[in-house]
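The values are calculated or read from the model by the stated rules, or taken from the named source; none is laboratory data. All figures in this text were calculated on a predicted structure; none of them were measured in a lab. When we count neighbours, we look across all protein chains shown, and the Cβ atoms used for this are built from the backbone with ideal geometry, even at glycine.
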């Protein structure tokens, strides 16, 4: 390679020398612009960033020639035979391309590059389909670099994104806590869909499954934004499992102008992830290691100890039976038995039993390099995420290989990604079992063996009756069994991109991508597992179970894009035009068998039979979509920009009469500061106003809603012939949901760049919401899906950032940032079927209905996240009963679901971040605080641990003893103590008493880092170029107005990351 | 350079035009676990499968699989005299009392209504699709499919009308009855009057009559002869006795359904079926066991067995007496089980009779009685009696009133636990006090009209 290069430059040298000799005399006097006729033998230089650090591996080229080099580890470069007054072009990842014209005879130069995120006007917005300079783009979009995100949360890029971007919200899942195998539920600018499963009329909130299936994740979370990875539709799962070091940038597209090119998939916003592309130059090896320590956060638990619980149980009457003397005696004997245990010192802290400090590591290695024409990069990643519950974790392997070839006008690249992720579920079971466990039970016997059944039988103890609460098993026992419980997914994808620069103005790009995602899971529970203790009567043959599932999700994408950019005088026109097609197919099969008596009979085939489940379950989903867009942007004199985007989308999910959907968006922008009337001043330097509006669509619904399908009856036949029936009315007119998005944005730079502000106000009106409509049963159908509802979201995002200190000489940098996002939601139209659902949720006769939690209710004029409960005046000091307010204002002791009123809203009014970023020499200190204000929450864990607590079988909150009503005159917050709070009249149903403000301030991340100076001896010796060490701590503290047991099924954790990265 | 660029612009534009024209096809993806209608109904076999689907649906537990035959409908029709405990089988207890306001009974009615209309919607789908895809059919198959779908649609509507609308005897032909749904749509059809609904049934059946072949003697599907028999049944219900008699006699005189002389353990008398619904053996045994074999153990006492088959015009030689199995009484208290619905090697209990040829004899006899032709009536009844091990009537004994009583008794004996008696009582608007074998008193506001869910 080097030989080749030398030969080329050698040739050129001879040619240039000859040219110089012959023309020297003529040209020396005229001093004309043909600068290439004169050369400077060697131009030496150094490339530094805006912080003054040298940049190694930056590409330096001479414009208009083939002269090219990369900077060495000390940032220096040398160019031979450079034409005089040539323009040097320098590029480096994360920095804006810098072009500097050499002065006559200049042979030494220091080039300073500015990091691209710091420059407001030069940003290129990449919406995944086309790139456009921010000046020619009117949409609301925000880009974050991979480094920025990594510094916030090195182990979870989605959490980092939610910290940085106020429009992104992650639904906090109290039950699943910090389970490493749960995908976050993510949404941009609020929800546009009713949180409703339309089957069977039951409303449930969606939980995404971890299977990487493009369609099913959207079906389960219809508010999920579209995810685009390097130009192709991807899944949240893939981003979640991706090595954070590979991410070059993430762009969040919010309004219609930014997203309409995606047509019917755009309504929930788009997250565009770009990975790092190989750079030309010397082979570069980047290695990053990160150690992640997770520590469970149990501070929210206030459970009773052994003595307290026994006392609470006694007071609640667990150990007495006034109606039956025989039982009474027996229960008292049990009390004595348990009291003896307490007295002998048994007081197990069950909460810590399944908990550990999880130490995980992430290794990331990438090698890239190549000449200008052929470049490559290979990155390898191993991540071992360890959860705080023993045995839980997530292991990921990743390999990514990119090869690109560039010739004069053609660029070809191919990228292969292979990934494998394996998520282990803890054998210890749900964490809630440990918070329920009685502390007067011993986990192990005197010999140290784990106890399976805690208490001896009554017969063994000489007590006539059985123990109150029944037989208690120790779920910790299962941890000692040889069982399997894990899910995994293997992904493979290959993308090919071809880019042809036809001329300076036109570019044609084509891409084909194939991805295959194979999820699976294995769950084996031997007969000895505690879940089978009470099923013993069913017979040994059916004990033990094994569930295996296998899936395959394929998608093929293809697209062609054409870009046209032209500048005539003060006019700039940028046009992009493209067509894309996508076909997805996903299927899965689940087989469950039973009858595996021993833990060494641990294979599917060793099972006795199928038990009660007689056939495998299978799902299959096929979708096809087609989308074409055109987007034209026109800019006049850097002052005015107008942008129009149109899209036509088709999908197999739409009704057969409505297969193609049109979408459009338009936007204008005005750079106020470029106007003549705008006087130069010290306060405002830069103001840009953007206004956009447009329609986008949502197609996150099941395909069969619009297509008539036959279901074959395979259990039965009609005289040995098959029979098939149509089960539901397929609405051939079913349409995509439409969201009209409008956005007004202002960005400004004040005080000479000391303060940068951004403000966006938006409204989103979703129409044609797909809802079930009940029809007369004589039509032969129960209900059908139609475009019936409408919701409205509106809100704003505001961000301010300020580089307070920027002292290059002393090398001190300090910047502060603050952002806030607000949105509110209102239902504007509903179908009568939803009214029926509301009514059903208020039923007093349905025994299946659990009123202990506020049930969803959707009403026009209210938000979708409204909390409906019966207003309460608290506990009557005289009787200990709760006093409710009826709709007519009268007071009552009787809880009636029809008295429910809107008493809160689950959606926080404001959410945002306060951040500080401090750099001194090599040191970095970052802190990001996130906050949420103005929302409410039904404190379910409080109800479940204090009032609706069944003391017969579960442990309770210590307030059971201290703050519950005992005698007339007590002014307390909680009702009187009973043995079984879930029983009948005593049960506490949805009441305003437990609706609490859900405001918090949390230290989302704190990072301390140090970048070693390149001139250190050991750095040089190891040939390292930018060794960096950092410690990130997530969730250090949290101040919240609501005290709940966070992480009921899996505890929340605090994490510390220690990272080291370096380039060779 | 420019030319080159524009060439590509046109090339890509052409590409897009091509893809847009073919995209309609590309966008029609089918979900594989269910089968797209376009695939199922692209062959004749698919249309047959769609009709089979309806027959299978009709075999559901709350429909003909149990409750419209030997289950609830036979409790209402007094085919059993078991004392039913409300704690064990509230549905049948309330049924025996005609307490149609009972929530469980109402829920069952709703289930019947909904599911029968689901079947009707499926038939309408078959009819509409057949109209659109005439080209997939060969020979006479279009007529056969269309005729069969029309006939079953009329059959199901008539069944709904007999359940959910008052009988002409009670409320005339202008009373509000049921919606007659003849096309697929999410919009409800208003309920017709009884007369209009019956006329729509008749119109569909007349159309089917000319479409269906007279030589097809399959009894598991709705054939030409089933159409004729159903017309006789409907005309009788409507009170058009002349047409009823004509159609009944045309079935009898076709000699295609000879009466049997011995049962040979085929208690369902499958050879005499004009239309019967097949259920799979496992399922029918399951359903049978759910009410007859175990609690509530519906059955008949031996005393009433004698009262029904021997006393009066009967005789111990009537082999239908063995519809009830006297050997079972000891095991299950004082009642004995109907043997009909119990499958054995020879008894095809999974063949549920919907229309039997003997009913044609009874319809013709009833019409003859009404036109005071007692000789013809007696003759028709005797034709059946001699095939049941009974002697002929002595002519002098039969007058109009007694003939009608005899016809009712023959219905009772012949159609024991087939679900037909309720319709007989309803058609005759028999006072509730006159219902036979009543163990628990009928409620004060008893009615023959099932409660509509809409």
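Yes or no, residue by residue, for (1) under 12 Å from residue B:120 (Cβ atoms); (2) buried (at least 17 other Cβ atoms within 10 Å of the Cβ):
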{"position": "B:160", "(1), (2)": "yes, yes"}
{"position": "B:173", "(1), (2)": "no, no"}
{"position": "B:181", "(1), (2)": "yes, yes"}
{"position": "B:184", "(1), (2)": "yes, yes"}
{"position": "B:188", "(1), (2)": "no, no"}
{"position": "B:194", "(1), (2)": "no, yes"}
{"position": "B:202", "(1), (2)": "no, yes"}
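What do you reckon, is residue A:523 surrounded by 20 or more Cβ atoms within 10 Å (Cβ to Cβ) and more than 12 Å from chain B (Cβ to nearest Cβ)?
Values: surrounded by 20 or more Cβ atoms within 10 Å (Cβ to Cβ): no; more than 12 Å from chain B (Cβ to nearest Cβ): yes.
Spelling it out, it is not the case that residue A:523 is surrounded by 20 or more Cβ atoms within 10 Å (Cβ to Cβ) and more than 12 Å from chain B (Cβ to nearest Cβ).
May I ask you to list pairs of residues, at least six apart or on different chains, whose Cβ atoms are under 8 Å apart, with the first in the range A:696-721 being within 11 Å of chain B (Cβ to nearest Cβ) and under 17 Å from residue B:278 (Cβ atoms) and the second being buried (at least 22 other Cβ atoms within 10 Å of the Cβ) and at pLDDT below 80?
none
I'd like to check something: does the range B:344-367 contain any residue that is outside any strand (DSSP E or B), touching a residue at least 60 places away in the same chain (Cβ under 8 Å) and on the phi > 0 side of the Ramachandran plot?
No, the conditions are met nowhere in the range B:344-367.
Filter the range A:606-618 down to residues that are surrounded by 16 or more Cβ atoms within 10 Å (Cβ to Cβ) and either closer than 18 Å to residue A:699 by Cα or touching a helix residue (DSSP H, G or I) at 6+ places or on another chain (Cβ under 9 Å) (or both) and give me whichever is farthest from the other protein chains (Cβ to nearest Cβ). Before the answer, list the steps.
Initially, the range A:606-618 is screened for residues surrounded by 16 or more Cβ atoms within 10 Å (Cβ to Cβ), giving A:606-608, A:611.
Then keep just the ones that are either closer than 18 Å to residue A:699 by Cα or touching a helix residue (DSSP H, G or I) at 6+ places or on another chain (Cβ under 9 Å) (or both); that gives A:608, A:611.
On the way: A:608: 23, A:611: 19 Å.
The residue in question is A:608.
When residues of the range A:450-509 are filtered for being closer than 30 Å to residue A:558 by Cβ and either assigned to a loop (DSSP other than H, G, I, E, B) or free of Cβ contacts under 8 Å to residues at least 40 places away in the same chain (or both), how many remain? Full working, then the answer.
Let us first name the residues in the range A:450-509 that are closer than 30 Å to residue A:558 by Cβ, namely A:488-509.
Subsequent filtering for residues that are either assigned to a loop (DSSP other than H, G, I, E, B) or free of Cβ contacts under 8 Å to residues at least 40 places away in the same chain (or both) retains A:502-505.
Here the count works out to 4.
Which strands (runs of 3 or more DSSP E) does the range A:998-1064 wholly contain that include 3 or more residues that are buried (at least 20 other Cβ atoms within 10 Å of the Cβ)? Lay out the reasoning, then the answer.
Values: elements: A:1000-1011, A:1028-1034, A:1038-1040, A:1053-1063.
The qualifying strands (runs of 3 or more DSSP E) are A:1000-1011, A:1028-1034, A:1053-1063.
Taking the residues in the range B:297-319 that are under 24 Å from the mean Cα position of the chain (by Cα) and in a loop (DSSP other than H, G, I, E, B) as candidates, determine which candidate is farthest from residue B:403 (Cα to Cα). Before the answer, list the steps.
Here is the first cut: in the range B:297-319, the residues under 24 Å from the mean Cα position of the chain (by Cα) are B:297-300.
Retained after the next criterion (residues that are in a loop (DSSP other than H, G, I, E, B)): B:297-299.
Details: B:297: 34, B:298: 30, B:299: 28 Å.
Applying the filter and picking the extreme gives B:297.
Looking at B:402, B:447, B:417 in this structure, which one is more than 14 Å from every other protein chain (Cβ to nearest Cβ), more than 28 Å from residue B:109 (Cβ to Cβ) and either within 25 Å of the chain's Cα centre (by Cα) or assigned to a helix (DSSP H, G or I) (or both)? Steps first, please.
Numbers: B:447 fails: more than 28 Å from residue B:109 (Cβ to Cβ); B:417 fails: more than 28 Å from residue B:109 (Cβ to Cβ).
One residue alone meets the criteria, B:402.
Give B:220, B:182, B:229, B:213 a once-over and let me know the one that is part of a loop (DSSP other than H, G, I, E, B) and more than 14 Å from chain A (Cβ to nearest Cβ). First the steps, then the outcome.
Working: B:220 fails: more than 14 Å from chain A (Cβ to nearest Cβ); B:182 fails: more than 14 Å from chain A (Cβ to nearest Cβ); B:229 fails: part of a loop (DSSP other than H, G, I, E, B).
Among B:220, B:182, B:229, B:213, only B:213 is part of a loop (DSSP other than H, G, I, E, B) and more than 14 Å from chain A (Cβ to nearest Cβ).
Only one residue in A:653, A:685 is in contact (Cβ under 8 Å) with a residue 24 or more places away in the chain and not in a strand (DSSP E or B). Which one?
Working: A:685 fails: not in a strand (DSSP E or B).
That would be A:653, the only listed residue that is in contact (Cβ under 8 Å) with a residue 24 or more places away in the chain and not in a strand (DSSP E or B).
Just checking, which of B:42, B:79 is part of a loop (DSSP other than H, G, I, E, B), away from chain A (no Cβ under 11 Å), touching a helix residue (DSSP H, G or I) at 6+ places or on another chain (Cβ under 7 Å) and surrounded by fewer than 19 Cβ atoms within 10 Å (Cβ to Cβ)? Let's see the steps before the verdict.
Numbers: B:79 fails: surrounded by fewer than 19 Cβ atoms within 10 Å (Cβ to Cβ).
Going through B:42, B:79 in turn, the sole match is B:42.
Are any residues in the range A:765-786 more than 7 Å from chain B (Cβ to nearest Cβ), at pLDDT 80 or above and surrounded by fewer than 21 Cβ atoms within 10 Å (Cβ to Cβ), and if so, which ones?
Residues satisfying the conditions are A:765, A:767, A:768.
Anything in the range B:379-405 that is surrounded by 15 or more Cβ atoms within 10 Å (Cβ to Cβ) and under 28 Å from residue B:164 (Cα atoms)? List them, or say none.
B:404
Identify all residues within the range A:724-739 that are more than 10 Å from every other protein chain (Cβ to nearest Cβ) and in a strand (DSSP E or B); write none if there are none.
Once the filter is applied, which keeps residues that are more than 10 Å from every other protein chain (Cβ to nearest Cβ) and in a strand (DSSP E or B), the range A:724-739 yields A:737, A:738, A:739.
Kindly establish whether residue B:205 is under 16 Å from the mean Cα position of the chain (by Cα) and either away from chain A (no Cβ under 14 Å) or closer than 23 Å to residue B:179 by Cα (or both).
Values: under 16 Å from the mean Cα position of the chain (by Cα): yes; either away from chain A (no Cβ under 14 Å) or closer than 23 Å to residue B:179 by Cα (or both): yes.
Yes: the conditions hold for residue B:205.
Checking the conditions here, which among A:623, A:645, A:641 is touching a strand residue (DSSP E or B) at 6+ places or on another chain (Cβ under 7 Å), at pLDDT below 85 and part of a strand (DSSP E or B)?
Working: A:645 fails: at pLDDT below 85; A:641 fails: at pLDDT below 85.
After ruling out the rest, the residue left standing is A:623.
Report whether or not residue A:435 is surrounded by 18 or more Cβ atoms within 10 Å (Cβ to Cβ), in contact with a strand residue (DSSP E or B) (Cβ under 9 Å, 6 or more places away or on another chain) and farther than 30 Å from residue A:61 by Cα. First the steps, then the outcome.
Values: surrounded by 18 or more Cβ atoms within 10 Å (Cβ to Cβ): yes; in contact with a strand residue (DSSP E or B) (Cβ under 9 Å, 6 or more places away or on another chain): yes; farther than 30 Å from residue A:61 by Cα: yes.
Criteria met by residue A:435.
Tell me the residue from A:347, A:323 that is part of a loop (DSSP other than H, G, I, E, B), touching a helix residue (DSSP H, G or I) at 6+ places or on another chain (Cβ under 6 Å) and farther than 15 Å from residue A:458 by Cβ, please.
Answer to the check: A:347.
Only one of (1) within 11 Å of another protein chain (Cβ to nearest Cβ); (2) in a strand (DSSP E or B) is not met by residue A:669, so which one is it?
Among (1) within 11 Å of another protein chain (Cβ to nearest Cβ); (2) in a strand (DSSP E or B), the lone unmet condition for residue A:669 is (1).
May I ask you to list the residues in the range A:50-68 that are more than 15 Å from residue A:102 (Cα to Cα) and surrounded by fewer than 19 Cβ atoms within 10 Å (Cβ to Cβ)?
Step one: list which residues in the range A:50-68 are more than 15 Å from residue A:102 (Cα to Cα), which gives A:50-59, A:66, A:68.
Selection gives A:50, A:51, A:52, A:53, A:66, A:68.
Just to verify a result, which residue in the range B:82-105, among those that are free of Cβ contacts under 8 Å to residues at least 40 places away in the same chain and in a loop (DSSP other than H, G, I, E, B), is surrounded by the most Cβ atoms within 10 Å (Cβ to Cβ)?
B:102
Would you say residue A:552 is more than 31 Å from the chain's Cα centre (by Cα), in a strand (DSSP E or B) and surrounded by fewer than 20 Cβ atoms within 10 Å (Cβ to Cβ)? Walk me through how you get there before you give the answer.
On the way: more than 31 Å from the chain's Cα centre (by Cα): no; in a strand (DSSP E or B): yes; surrounded by fewer than 20 Cβ atoms within 10 Å (Cβ to Cβ): yes.
For residue A:552, the condition - more than 31 Å from the chain's Cα centre (by Cα), in a strand (DSSP E or B) and surrounded by fewer than 20 Cβ atoms within 10 Å (Cβ to Cβ) - is not met.
Taking the range B:131-144 as the region of interest, how many residues are part of a helix (DSSP H, G or I) and within 14 Å of chain A (Cβ to nearest Cβ)? Before the answer, list the steps.
We begin by selecting, within the range B:131-144, every residue part of a helix (DSSP H, G or I); these are B:131-132, B:134-136, B:141-144.
Filter again for within 14 Å of chain A (Cβ to nearest Cβ), leaving B:132.
Residues in the range B:131-144 being part of a helix (DSSP H, G or I) and within 14 Å of chain A (Cβ to nearest Cβ): 1 in total.
Regarding residue A:516, is this residue over 21 Å from residue A:438 (Cβ atoms) and either in contact (Cβ under 8 Å) with a residue 60 or more places away in the chain or touching a helix residue (DSSP H, G or I) at 6+ places or on another chain (Cβ under 6 Å) (or both)? Quick ask: steps written out before the conclusion?
Values: over 21 Å from residue A:438 (Cβ atoms): yes; either in contact (Cβ under 8 Å) with a residue 60 or more places away in the chain or touching a helix residue (DSSP H, G or I) at 6+ places or on another chain (Cβ under 6 Å) (or both): no.
When the stated conditions are applied, residue A:516 does not pass them.
Name the one entry in A:590, A:584 that is within 14 Å of chain B (Cβ to nearest Cβ), touching a strand residue (DSSP E or B) at 6+ places or on another chain (Cβ under 9 Å), at pLDDT 85 or above and within 11 Å of residue A:546 (Cα to Cα).
The match here is A:590.
Filter the range A:631-659 down to the residues that are within 14 Å of chain B (Cβ to nearest Cβ), surrounded by fewer than 16 Cβ atoms within 10 Å (Cβ to Cβ) and within 25 Å of residue A:742 (Cα to Cα) and list them by number. Please lay out each step first, then the result.
Residues of the range A:631-659 that are within 14 Å of chain B (Cβ to nearest Cβ), as a first pass: A:632, A:646-659.
Add one more test, that the residue is surrounded by fewer than 16 Cβ atoms within 10 Å (Cβ to Cβ), and what stays is A:632, A:657.
Listed by number, the list holds a single entry, A:632.
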